[in-house]
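Below is one structure, written out as structure tokens; the observations come after it.
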Amino acid sequence: MLVPYLKPGDTGNNVIKLQRLLNKKGYQVEENGIYGPDLLRAISGFQIEVGLDGDGMIGKATWGALEGRKVQQYHNSFGLQEPLMTIVEFDASKDQYYKELNKKEQIILKSSLSEGNNLFVKNKFLWENKISKSAYGSAFIIGGEDYSSFNKRICDGEIIKLFDEKYWSNFINSQSTNIEQLNRASISITVCNWGPLMISPDGYLANWLGEKVNEKNYYDLGREWRGFRYFYKYTNAQLDSLAVILKWLIQKWNIQTHSHYYAQPWWSEINRDVQSGKNGLWNEASFSLQSFGMHPQPELLQILSSL
């Protein structure tokens, strides 16, 4: 049996078949029989996910993967031309997320406001879930340097996946009337970080628990943001992992990127586009003045502006 070979620009029934198979895999593409830019982004994301070259060319290997046949060993990494990142998958409590499929329109970023141990943050979500009695969690948690003396572990840059991002949980901190709709349509990424720092009575910088922060672990923004000037640094490993997973998710879910990521208003103001559910990669800080999201570390802004 001949396997149809497809490339961008093709049309017809085989393209419709391709689109239907992608939709069964959880992607959202229009079944119009046209191999256009949206289909190219989706199929490239799928190819990367299963360990193939994300070139958008559809041959025997891609058809086999779409139809459930084993193509090659999948090492659970993204396969992009970046440092390969491994995802550590957990079976989250059934109470931590809703196993309901939803079209994804937004990727939301936030800091954990805690230590770098991503397992601690995972358990913190579970505790908050029990307190609120609602499904609360993050699809992905990126660990940082763990300086705790108790159960110290190496997790800098490690990505934990609590549940498949095609499902949803209560993640966004906002009083918006459409908050459930926003949560349903978003993919949540939490980066382990203490966030804003304060000057202690003794003159040293401390996190919100009052613990002294080593000089090499903070930076001076040079201006105030949300009432703070000093922030805990995101590590290079965290930023590398974030860049890889963002590229993958943007391709997989057809998430739009916007030209104003480098601009101060994107970080410091409430954004009506975000609150309305506009497709894009957003900071949780744009939903509420009570949320810090991810702080505007220059290295982070460089990554976002390059997507």
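Within the same chain, aspartates and glutamates fewer than 8 places from LYS124 are excluded, and of the rest, those with a Cα less than 15 Å from its Cα are ASP95, GLU115. Any chance you could check the Cα centroid distance between the range 270-307 and the range 20-71 for me, in angstrom? Taking the Cα centre of the range 20-71 as reference, the centre of the range 270-307 is 29 Å away. For ASN117, the residues whose amide H sits under 5 Å from its own are GLY144, ignoring neighbours fewer than 5 places away on the same chain, with H placed 1.01 Å from N.
From the cross-link list LYS104/LYS233; LYS17/LYS166; LYS17/LYS110, which pairs have alpha carbons spaced over 27 Å apart? Provide the component values of the computation, followed by the final result.
On the way: LYS104/LYS233 29 Å; LYS17/LYS166 21 Å; LYS17/LYS110 38 Å.
As for pairs spanning more than 27 Å Cα to Cα, those are LYS104/LYS233; LYS17/LYS110.
For LEU101, what is the net charge nearby, where nearby means another residue's Cβ is under 12 Å from its Cβ and Lys, Arg count +1, Asp, Glu -1? Surrounding charge for LEU101 is +4. Multiplying the residue separation of SER288 and GLU215 by 0.36 nm and subtracting their alpha-carbon distance yields 23.3 nm.
Segment ASN123..GLU89, full-extension length gain: 10.8 nm, with 0.36 nm per residue of separation and the alpha-carbon distance subtracted. Note on ARG223 and LYS103: their simple-model spin labels are 3.7 nm apart, each label 7 Å out from Cα toward Cβ. Each of THR62, THR235 was scored by other Cβ atoms within 10 Å of its Cβ. Listed from fewest to most, they are THR235, THR62.
Dipole magnitude for the range 13-66: about 220 debye, using +1 per Lys or Arg Cβ and -1 per Asp or Glu Cβ, origin at the Cα centre. Computed 3J(HN,Hα) for the range 179-195, one whole-Hz value per residue from the Karplus formula 6.51 cos²θ - 1.76 cosθ + 1.60 where θ = phi - 60°, is 4, 5, 4, 5, 5, 4, 8, 10, 10, 9, 10, 10, 10, 5, 6, 6, x, glycine and proline marked x. With 19 Å as the limit, the listed pairs LYS24/LYS252; LYS122/LYS216; LYS103/LYS278; LYS7/LYS103; LYS161/LYS247 have LYS122/LYS216; LYS7/LYS103 beyond it between alpha carbons. Simple spin-label estimate for MET57 and GLU299 gives 3.7 nm between the two label positions (7 Å along the Cα-to-Cβ direction from each Cα).
Can you tell me the length gained on complete extension of the stretch LYS25 to ILE179, counting 0.36 nm per residue apart and subtracting the Cα distance? Could the numbers behind the result be given before it?
Working: separation 154, 0.36 × 154 = 55.44 nm, distance 2.65 nm.
Extra length from LYS25 to ILE179 when fully extended: 52.8 nm.
Each of ASN23, GLY36, GLY51 was scored by the projection of its Cα onto the charge dipole of the range 13-66, and the greatest displacement toward the positive side belongs to ASN23; charges sit on the C-beta of Lys, Arg, Asp and Glu.
All of the numbers you see were taken from the coordinates with simple rules; none came from a lab. On a predicted model such as this, the values are computed, not experimentally measured, just so you know. In this analysis, Cβ positions are derived from the backbone assuming ideal geometry, glycine residues included, and neighbour counts consider all displayed protein chains.
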